[in-house]
Structure formats: structure tokens, C-alpha cells
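Encoded as C-alpha cells, the structure appears first; notes follow it.
Values in this text are rule-based calculations from the coordinates and carry no lab data. Just so we're clear, the structure is a prediction, and the values are computed from it rather than from any experiment. Quick reminder, even Gly has a Cβ in these numbers, built from the backbone with ideal geometry, and neighbours come from all protein chains shown.
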Amino acid sequence: MNQQHTLRQRAQAILRQNDRGTYTVPTEGLYPFQWNWDSAFAAWGFSTFDLPRAWQELHTLMAAQWDNGMVPHIIFHQRDDGYFPGPDVWRCQTTPETSGVTQPPVAATMARACWAKNPELGKAHLARLYPQLKRWHAWFMRERCESGAVAIMHPWESGRDNAPDWDAAMAGIDTSPVGDYQRRDTQHVNADMRPTKEDYDRYLAIVYHARDSGWRDAEIRAHGPFRVADPGMSFILLRAQRDLCAIGEILGEDVSDIRAWIAQLEDGVNSLWNAQLGAFDARDLRTGEFAGSVSSASFLCWYAGVDALDMLKTWDQVWAACEFGVPSYTPGGEAFDPMRYWRGPVWVVVNALIGLGLSDCGHTQQAEQLKTASRQLIERAGFHEYFHPLDGSAAGGRDFTWTASVWLAWLAEGEV
Ligand code: GLC
């Protein structure tokens with residue numbers, strides 16, 4: 001058996017091992033529930049060898065949708081004391097129990113990818129998912145697009161929890177109401193690879209505020225301690241709207257409102273261009289200030305169909321400093337920390353989205369460069385959560401669902 005074949009078997013085994021029947025956990029121990037965007041990636045991975053299971057994953061995710069259209073970032077299908085903060089902290093009063101914030105909407109994009117594997121089988125699934133996805137996307141446009149770009153109310157929504165993108169906006173948050181609590185993540189993974197205690201205090205302060213606001217969007221938007229326009233969320237939603245539009249067309253629906261959302265977002269993402277930095281950047285909506293951060297989210301422009309040529313220059317600069325790109329934060333930046341989560345490590349799952357975008361925009365050389373580096377990371381270090389961007393060593397949780405999925409759906413393609 002060659003190495004590619006063995007890695008494919010291993011990736012499939014990881015998905016099976018993390019499969020809990022109707023949903024997939026990101027990894028055993030550290031993340032024992034269903035996570036929103038992890039699940040969409042799981043569906044993408046399953047679509048390469050078990051298409052019915054892929055559709056099931058998306059249906060389970062969308063079944064947790066709130067009445068207002070929001071799709072939560074964690075679904076607590078069962079109790080597990082190995083994770084904090086659990087449902088008793090969030091107190092969202094939903095069935096199933098969930099967190100109260102969302103995550104990047106990759107589900108429509110992955111639903112379209114699953115459909116493409118077998119359009120005949122897929123159409124009924126799309127018909128079921130379409131109204132749910134559309135309500136979620138409508139929620140984003142209604143509640144989160146005040147500046148044209150998409151705002152997040154909690155760093156956890158971005159999926160890039162402790163990115164330097166949020167540092168300035170997080171700095172002034174009052175953590176005095178937080179009190180004592182016991183983290184669980186650092187029992188599973190080395191604390192140097194995780195967010196700090198100060199970060200966690202602030203994460204909880206934001207959750208407590210939103211919870212005390214009864215999880216009402218307008219209230220959280222007006223008075224919450226954190227409101228930042230995120231390039232990652234904005235580009236991912238723009239791409240998702242394009243895929244939702246295509247799904248609507250497959251189903252013969254009237255997609256004029258989705259087209260209007262696309263135009264609104266195409267215009268809105270321009271507000272995130274930081275000319276001084278030469279990159280798309282996060283922006284604190286309470287102060288109007290840019291974060292000054294070249295992150296992996298900056299490079300999601302192509303995924304959204306926004307072919308910013310200046311980003312190719314920034315791409316070259318980042319790769320000159322870093323053999324195993326794309327780092328979650330540029331090695332040239334002062335907050336760079338190569339092993340700490342979203343402050344430097346490479347997340348192959350984000351690479352996959354960047355890679356899809358590069359290919360779509362015809363930047364084939366960069367797309368190949370990214371695939372080669374991503375393959376090397378997994379071949380050398382395994383299916384880890386993230387990797388050191390300069391030496392390629394493994395970090396975070398092991399046997400990770402989304403790393404296995406992108407191997408199957410993006411990297412192994414044409415290789416086995
Ligand atoms: C971490 C990541 C987030 C992911 C979750 C489960 O919180 O920052 O993006 O969804 O873990 O893998």
C-alpha cells in the first residue's frame with residue numbers, strides 16, 4: 001500500500017471514530033459535542049465515501065436552528081463534564097441544548113458540494129436544507145450586516161477564537177463579574193497551545209452579558225462589550241450566499257433576494273480593506289479602528305470570489321517568512337506566537353477554503369503551493385488540529401475530524 005492510500009484509510013477511520021451516529025465530534029475528549037462549521041467539514045469528508053452519512057450530518061446541524069434563524073456554534077447532544085462552558089453556563093433554553101452564538105456558515109457550500117457528488121440523490125436533501133439555510137443567511141443579513149461587512153459579537157463566532165484580530169476590542173472588557181471557574185480544555189491540551197486565562201475571562205464576560213440580555217440580538221448589538229467586523233465571517237458568508245443562490249436555482253426558486261444579499265456583501269467587504277496593511281483586516285465597529293492584522297482570514301477573499309490582486313503581494317510576503325503557510329497570523333506581526341492556537345499556527349481546514357478560492361480565481365500556482373504545504377504537514381505530523389507554521393510540527397488535538405475531511409475532499413483528490 002502506498003502512503004496516499006494509507007492516509008486515506010486513516011482519514012476515513014478518524015471520521016468513523018468521531019462519528020456519534022447522527023453527528024460527528026471534532027475530536028474525542030477536547031470537543032465532545034457537535035460544532036457548527038466542523039460539522040459542515042465533516043459532511044464534506046463523508047461525501048467522499050459515505051454520501052448518506054454526509055447529508056445526515058447537515059440535517060442534524062440545521063435541526064438545531066433557533067426560531068430567529070441563527071444556527072448555534074455548539075449543540076450539546078448529551079451531557080459531558082469534560083467541557084467548559086457547558087449548557088448550564090449558556091442557559092439558552094432550547095431543545096436540544098445549544099450555545100448562544102453562531103459560527104462561519106460553510107454549510108451551504110458543503111451542501112452544494114455533497115449535491116455535486118450525486119445530483120439525483122441530492123436534490124431532495126437540498127430541498128429540505130434550502131429554507132433552513134436561507135433563514136440562517138437572512139439572520140446574518142438582518143442582525144449582523146450593519147456596516148456591510150459581517151460583525152461578530154463574540155470571538156468564538158469567528159471560529160478563530162484568540163486571533164490577534166480581536167486584541168484591541170477585547171482589551172477593555174470588564175471581567176469583574178466573571179468570578180471563579182474551572183477550564184477543561186487545558187486538561188486535554190498543553191496550556192501553551194491554548195488561549196490565556198485573560199482571554200477566557202473575557203470570553204465569559206461576553207457570554208454572561210448576552211445571556212443576561214436574554215440572547216436578544218438588538219440588545220447584544222447595542223450594549224454588548226464586543227462588536228467587530230470579521231473578514232473571515234464576511235468572506236465565508238459571501239461565498240455561502242453564492243452557493244445558496246446556485247442551490248435555489250437548482251430547485252427552481254426565486255433567488256432575487258439572495259442576489260441582493262450578494263451585491264450588499266460584495267460592496268460591504270470593501271470596508272475591510274486596510275490600505276496601510278495591504279490586506280483585508282478586522283475592524284472594531286465601536287471605534288472604527290482596524291486591527292492591523294494579516295491573518296489567514298485575510299486570504300479568504302478569493303473563496304468569496306473577490307480577486308484582490310494586492311492580496312497576492314501580501315501572499316508572497318507571508319510565504320517568504322513561512323514555509324508551511326498559511327499561518328493564522330503573519331510571522332512578521334508583533335503578536336505572532338507559533339504554537340498558540342489562532343496566533344500563528346497553520347490550520348489546514350482554513351487552507352482548504354483558501355485553496356478552493358485560489359483555484360476558482362485561476363491562481364493555480366498559489367493553489368498548488370498551498371496544497372503541497374498542507375499535504376506535507378499531514379504526511380509528516382498526522383491529522384492534528386493545527387501545526388507550527390515554521391517547522392511543521394503538530395499541535396492541539398489529534399485525530400481531528402476536519403483535518404481528516406480536508407485530506408479526503410481536497411488533498412487526496414486525484415491522488416488515490
Ligand atoms: C475551537 C476552534 C473552532 C472550532 C472548535 C471545534 O474552538 O477555534 O474554530 O470550531 O474548536 O473544533
Computed about the Cα centre, the charge dipole of the stretch 316-414 from +1 Lys/Arg and -1 Asp/Glu charges at the Cβ has a magnitude in debye, to the nearest 20, of 160 debye
Magnitude of the Cβ-charge dipole (Lys and Arg +1, Asp and Glu -1) of the chain about the Cα centre, nearest 20 debye, reported as 760 debye
Sorted largest first, the C-alpha extents of the stretch 157-266 along its principal axes in whole angstrom are 54, 33, 24
Ranking C361, V318, L251 by how far each Cα lies towards the positive end of the charge dipole of the chain (+1 on Lys and Arg Cβ, -1 on Asp and Glu Cβ), the top one is L251
Once phi for every residue in the stretch 173-186 is put through the Karplus expression 6.51 cos²θ - 1.76 cosθ + 1.60 (θ = phi - 60°), the whole-Hz ³J(HN,Hα) values, with Gly and Pro written as x, are 6, 6, 9, 4, x, 6, x, 7, 7, 10, 6, 10, 4, 6
If each K or R counts +1 and each D or E counts -1, the residues other than R211 whose Cβ falls under 14 Å of its Cβ total -3
The exposure ranking of D80, D284, fewest beta-carbon neighbours within 10 Å first, is D80, D284
For the stretch 322-380, listing GluC sites (Glu not before Pro) in a DSSP loop whose Cβ sees at most 14 other Cβ atoms within 10 Å gives E323, E334
Going residue by residue through the stretch 279-286, the Karplus relation 6.51 cos²θ - 1.76 cosθ + 1.60 with θ = phi - 60° gives ³J(HN,Hα) values, rounded to whole Hz and with x marking Gly or Pro, of 7, 6, 9, 6, 9, 6, 7, 7
Sorted by chain and then number, the residues having a modelled amide H within less than 5 Å of the amide H of N274, at least 5 places away or on another chain, are A279, F280, D281
Placing +1 on each Lys and Arg Cβ and -1 on each Asp and Glu Cβ in the chain, then taking the dipole about the Cα centre, the residue among I173, H5, Y200 whose Cα reaches farthest towards the positive end is H5
